[in-house]
């Protein structure tokens, strides 16, 4: 896959996506249900079905993109970088930078985007990623994700402490990438409005921003016909309240509204396979049961 030209990779990815849409009934059902939940009041069933097919095509293209970046030496040539000045301004605060993003476009290219803009200035990139259950696939993705010098941090309890250490190193001008669009259990997050529905969301990003004072800058890798746009958006300012819980809720809401805006602009590029609203906004038993 790595030696194929982009036009071939895209066509093969589209074909793979259409096959998955047709034969993977379980995930097709989840995607259509999620799209209807988000856009059922404003889009027709035909429009929702079209977005679903394009979503699967994007996932198919990601498969071939990953095969390509695992061997290619010229991945940086595919980027148009927008808003790099937003990241430069954030780094000038001297507190490190927290980058918020989502499973959007091709999120596996976030390392290349960070490398293109940051490491040529001697800035260090780290990303938090969940370990995959299938060990051979985890090894492959770890190699791909870390091949440009990016430090990959697994989602474990000690990871928070490690991020604090990374941001505390003022001389390295570090930044840490966190994906903030996945559901968690009710006792691990707060419920925020996401595409019109309550979604339980991890508060780790907000907690880090409050504790360290590090600015939060959104980054998205947007797929285009020519390649990808690495878009750094303006910092999302911290909004303090008089209560720790509401600090977490208010600012986590702001981060998710930023993600929501990107999804509404490019709905086919988000990971609709994920059941974002599965956690109910109530629980009849305590955490330790």
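What the table shows:
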read-out	value
Most to least packed among 237-244, 35-42 [average Cβ atoms within 10 Å]	35-42, 237-244
Approximate spin-label separation residue 47-residue 162, in nm, with each point projected 7 Å along Cα-to-Cβ	4.3 nm
Cα shape, the stretch 1-72, gyration tensor, a/c 1.5 rule	prolate
Label-point separation, residue 211 to residue 246 (7 Å along Cα→Cβ), nm	2.3 nm
For the stretch 159-223 versus the stretch 1-67, the gap between their alpha-carbon centres in whole angstrom	27 Å
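The numbers here are math on the coordinates, done by the rules we state, and not lab data. Quick caveat, the model's predicted, so the values are computed rather than measured. Every residue, glycine as well, gets a Cβ built from its backbone with ideal geometry; the counts of neighbours run over all protein chains shown.
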